[in-house]
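Visitor: Quick one: structure below, then a few questions.
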Amino acid sequence: MAADLSASLALGVLLAGVLLAGRAALGGSWAAHFILDVTGFALAAVLLCGFAASRSAAGVVRWYMLLAMAAGVWAGWQTLGPAVLYAARLARWAVAAPFVLLFHQAVCPAAGHLAGLVRSGWRKIRARGRKRRKKRLQKNAGLLYNSN
């Protein structure tokens, strides 16, 4: 019985680690949570039934195996959870950092320079438009009045 309990507890910790890795990989959306929950229940059933059929003395799932596995999942979630989620956050940061650095060092200055060129071009176009409006005025000397 003690071997069954310790093995069920270890299976629970393993299951918690797998679920935490899945959560770290898939993210925190409700669809990912649903998929992980369904997968977790199915995986727990397969692990527990497979363990009971292969290693248990009776070959049947007992209530204490189920409780030990649930305790293992809870313990794994509490102990491994913060470390796995922190490692996932750190890995996402390490993957994104070069792209963010490239964006800030290359794209932002180039975009600023391009915006300056566009702004100066529009200023020139606006200035030409103002000059054209001024040139359209007719001179007073060129006006002829009908004096009949």
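Visitor: With the structure loaded, tell me whether Ala71 is assigned to a helix (DSSP H, G or I) and exposed (fewer than 13 other Cβ atoms within 10 Å of the Cβ) or whether it fails that test.
Guide: When the stated conditions are applied, Ala71 does not pass them.
Visitor: Could you list, in sequence order, all residues of the range 105-148 that are closer than 30 Å to Ala25 by Cβ and modelled with pLDDT of 85 or more?
Guide: Answer for the range 105-148, where residues must be closer than 30 Å to Ala25 by Cβ and modelled with pLDDT of 85 or more: just Gln105.
Visitor: Okay, next question. Anything in the range 51-68 that is loosely packed, with under 13 Cβ neighbours inside 10 Å, aliphatic (A, V, I, L, M) and assigned to a helix (DSSP H, G or I)? List them, or say none.
Guide: Ala53
Visitor: With the structure loaded, tell me whether Trp63 is closer than 17 Å to Ser6 by Cβ and more than 29 Å from the chain's Cα centre (by Cα) or whether it fails that test.
Guide: yes
Visitor: Considering Leu85, Leu48, which residue is over 15 Å from Leu5 (Cα atoms) and either without any contact (Cβ under 8 Å) to a residue 12 or more places away in the chain or surrounded by 13 or more Cβ atoms within 10 Å (Cβ to Cβ) (or both)?
Guide: Of Leu85, Leu48, the one residue that is over 15 Å from Leu5 (Cα atoms) and either without any contact (Cβ under 8 Å) to a residue 12 or more places away in the chain or surrounded by 13 or more Cβ atoms within 10 Å (Cβ to Cβ) (or both) is Leu85.
Visitor: Mind listing whichever residues of the range 7-44 are in a helix (DSSP H, G or I), surrounded by fewer than 12 Cβ atoms within 10 Å (Cβ to Cβ), free of Cβ contacts under 8 Å to residues at least 12 places away in the same chain and not charged (D, E, K, R)?
Guide: Trp30, Ala31, Phe34, Val38, Phe41, Ala42, listed by residue number.
Visitor: Sticking with this structure for a sec: Restricting the search to the range 27-52, which residues are modelled with pLDDT under 85 and either among the β-branched types (Val, Ile, Thr) or over 13 Å from Leu11 (Cβ atoms) (or both)?
Guide: Gly27, Gly28
The values are calculated or read from the model by the stated rules, or taken from the named source; none is laboratory data. What you are looking at is a predicted structure, and each value in this text was computed from that prediction instead of being measured. We place every Cβ from the backbone using ideal geometry, glycine too, and count neighbours over all the protein chains shown.
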